[in-house]
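What follows is a single structure, written as structure tokens, with notes after it.
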Amino acid sequence: MISPTAITDALTGLAAQIPVLVTANPVPFAVIAGFFVLIYAARAAARNRPVATDPSRLFSQAQRNEGFARAGGRCELDGFFFTRCKGQAHHGDHHFPWSRGGSTSMTNFVAACARCNTSKGAKIPSAWATMRMEARRRKYFPQGVPVKAGERFAHR
Ligand SMILES: [Zn+2]
């Protein structure tokens, strides 16, 4: 049985070695640190880059009606463990957030319940989440309606 004190002591011992390692190998550690700084800077730049936003921010009533109808009135987002959420759709959600250049078009429209829409915020869904939704849509979208989720205003 390993005692908690032994673990703490081992970790403290390891932590004490860090300055020793860094002083012994300054160049590799500087390269690693520089790499992290670059990643951070690139991410910050990507966040602050201005995007072309759609002049119309809100979905029209006609778009909302069409979007709710094709979803059968049900939320389209991930619910419990990657299955479709069981909530009733009351919100027209931008798959790619409007503020991040998502278009106010049917391709970018996702029917969402209040809970999912609030928790999603201005996050861009992962490619994996997008694929899951498109696969589900094949089962409930009316015949001939494209299942593609997500469109950027600049690429319309
Ligand atoms: Zn939902």
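The values are calculated or read from the model by the stated rules, or taken from the named source; none is laboratory data. All of these numbers come straight from a predicted model, not from anything done at the bench. Every residue, glycine as well, gets a Cβ built from its backbone with ideal geometry; the counts of neighbours run over all protein chains shown.
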Number of the condition not met by E134 [criteria: (1) crowded, with 17+ Cβ neighbours inside 10 Å; (2) assigned to a helix (DSSP H, G or I); (3) more than 13 Å from the ligand (Cβ to nearest atom)]: (1)
Filter result (in contact with a strand residue (DSSP E or B) (Cβ under 6 Å, 6 or more places away or on another chain) and among the hydrophobic types (A, V, I, L, M, F, W, C)) within the range 63-108: F68, A71, C75, L77, A89, F96
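Quick grid of which residues meet (1) surrounded by 10 or more Cβ atoms within 10 Å (Cβ to Cβ); (2) over 14 Å from N108 (Cβ atoms); (3) out of contact with any Pro (no Cβ under 7 Å at 6 or more places or on another chain):
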position	(1), (2), (3)
F29	yes, yes, yes
A41	yes, yes, yes
E76	yes, no, yes
F81	no, yes, yes
H91	yes, no, yes
Residue match in the range 54-76 (condition: modelled with pLDDT under 90 and over 17 Å from the mean Cα position of the chain (by Cα)): no
Qualifying positions in the range 40-74 - among the small types (G, A, S) and either at positive phi or part of a loop (DSSP other than H, G, I, E, B) (or both): A52, S56, S60, A71, G72, G73
Residue list for the range 81-121, restricted to those being assigned to a helix (DSSP H, G or I) and near the ligand (Cβ under 10 Å from one of its atoms): A114, R115, C116, N117, T118, S119, K120
